[in-house]
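All remarks here apply to the structure that follows.
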Amino acid sequence: MILEALNYAATWPLTSAGHRPFIRSSVNLWARANRCRAAWAEHERRTKAAILEAAQACRQRRTVVVLGSGLLRDVPVTELSRLFDTVVLVDLVHLASVRSWLTVKRLKNIRLIERDLSGLEALLAGQPLEPLAFLRQVPYLDLVVSANLLSQIGIGMSRRLEGHAEEEALIRQAIAAHVEGLAQVSAETCLVTDVSCTVNDRSGAVQETVDLMHGVDTGAVRERWDWPVVPFGEESRDYQIVHHVIAH
């Protein structure tokens, strides 16, 4: 708890006022990732491999943008820093622990951008929904990575829209807009996301299944794997929550 409090306090002054309410969830994710390090290792390895495969396919390697860079546990940022002239990391919050790690590694071609990638504010204001339109302004863009972000857009919007009459429709629109935005980018793209999750008991029986994409088709799939986000013992000895991940 002490480390979590310190990370929270150190992140607060580094984060814009509008995004400070999201620091707590980022710190909670950081703490869970540390506790579940062994259970998450294979997912992180496969995510990094998918991203590097996309990077190797680029004809030019000038600028790469990583959407949902998060804790950088699943982003091969050191390798991307060597491969590309500029690496742009985009997320709602960049924790102080992440910033410190980047400083220690002396990765001088990294740029951090705070941004809400959900498009929720535009949706609620009745404005055109183009959450990835800013990518058109990125010069020399050769690769865009969406790193385990898409499901989090839906989960985050669900919390913020709780009780809203059009909650499901708005979430579906936001997820679809992200997928469409990637399709319109004039650069190589790599999408890694968990598309569904199941609650399993110790016998292996599925107690519950959730569609994290809310019915939206993410397109052709190159790889699939499972990610035990909540392994046995994290919340209960009797069940685990497994997310099903795709990459393309």
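The values are calculated or read from the model by the stated rules, or taken from the named source; none is laboratory data. Small disclaimer: the values here were computed from a predicted structure and weren't measured. Note that each Cβ is placed from the backbone with ideal geometry, even for glycine, and that neighbours are counted across all protein chains shown. Ligands, DNA and RNA are excluded from the accessible area calculation, which covers all protein heavy atoms including side chains. Shrake-Rupley method; radii C 1.70, N 1.55, O 1.52, S 1.80 Å.
Let me check I've understood the local charge: for CYS58, count other residues with C-beta under 11 angstrom from its C-beta, Lys and Arg +1, Asp and Glu -1. What total comes out?
Counting the neighbours of CYS58, the net charge comes to 0.
Does the range 124-209 classify as rounded, prolate or oblate by the C-alpha gyration tensor (a ≥ b ≥ c root eigenvalues; a/c under 1.5 gives rounded; else a/b over b/c gives prolate, otherwise oblate)?
Oblate shape, in that a/c is at least 1.5 and b/c is the bigger or equal ratio.
Give me the distance in nm between label points sitting 7 Å out from Cα along the Cα-to-Cβ direction at SER196 and GLU121, one decimal.
Going by the 7 Å Cα→Cβ label model, 3.5 nm.
Of ALA55, LEU132, CYS36, which is farthest along the charge dipole of the chain in the positive direction, counting Lys and Arg as +1 and Asp and Glu as -1 at C-beta?
Farthest along the dipole direction, towards plus: ALA55.
Tell me whether the chain comes out rounded, prolate or oblate; compute the Cα gyration tensor, take square roots of the eigenvalues as a ≥ b ≥ c, and use a/c under 1.5 as the rounded threshold.
Values: a/c = 1.26, a/b = 1.15, b/c = 1.10.
Note, shape of the chain comes out rounded.
Rounded to the nearest 500 deg cm²/dmol, what is the calculated helix-only ellipticity per residue at 222 nm for the chain, with -39500 (n - 2.57) per DSSP H run of length n ≥ 4?
Using -39500 (n - 2.57) per qualifying helix, the result is -11500 deg cm²/dmol.
Once label points are set 7 Å from the Cα along Cα→Cβ at both CYS58 and GLU166, what is their separation, rounded to one decimal in nm?
The modelled label-to-label distance comes out at 3.7 nm.
Please return the longest stretch of the chain lacking exposed loop sites, where GluC sites (Glu not before Pro) count only if DSSP places them in a loop and at most 16 other Cβ atoms lie within 10 Å. Mind showing how you got there, number by number?
Working: sites that count: GLU162, GLU166, GLU234, GLU235.
Between the exposed loop sites, the longest stretch runs 1-161.
Mind giving me the nanometre distance, one decimal, between the label points for GLN207 and GLU234, set 7 Å out from Cα along Cα→Cβ?
Reported label-point gap for GLN207 and GLU234 is 1.5 nm.
Which percent of the accessible heavy-atom area of the chain goes to carbon and sulfur, probe 1.4 angstrom?
51
Just need the relative contact order of the range 1-87 here, percent rounded to a whole number, with Cα pairs under 8 Å and 6+ apart.
Relative CO of the range 1-87 lands at 26 percent.
When only Cα pairs under 8 Å and 6 or more residues apart are kept, what is the percent relative contact order across the chain? Working shown, then result.
On the way: 417 pairs, mean separation 46.3, N = 248.
Relative contact order, the chain: 19 percent.
Full-extension gain between ALA17 and ARG106, please, as 0.36 nm times their residue separation minus the C-alpha to C-alpha distance.
29.3 nm
Using a 1.4 Å probe, what is the accessible area per residue for the chain, in Å²? Don't skip to the end; give the middle numbers.
Numbers: 12540 Å² over 248 residues.
Result: 51 Å² of accessible area for each residue.
For the chain, which span is the longest to avoid every loop-located (per DSSP) member of trypsin sites (Lys or Arg not before Pro) having at most 11 other Cβ atoms inside 10 Å?
It runs 109-201.
Please give the charge dipole size of the chain, origin at the Cα centre, charges +1 on K and R Cβ atoms and -1 on D and E Cβ atoms. Round to the nearest 20 debye.
1220
If you average the C-alpha positions of the range 202-248 and of the range 9-54 separately, how far apart do those two centres end up, in angstrom?
18
Counting only C-alpha contacts under 8 Å and six or more residues apart, can you give the relative contact order of the range 47-157 as a whole percent? Walk me through the numbers on the way to the answer.
Values: 147 pairs, mean separation 38.9, N = 111.
For the range 47-157, the relative contact order is 35 percent.
Pull out the extension gain between ALA183 and ASP217, defined as 0.36 nm times the separation in residues minus the alpha carbon to alpha carbon distance; nm, one decimal.
11.0 nm
Rounded, prolate or oblate: which fits the range 1-99 when a ≥ b ≥ c are the square roots of the eigenvalues of the alpha-carbon gyration tensor, with rounded for a/c under 1.5 and prolate only if a/b beats b/c?
Verdict is oblate for the range 1-99.
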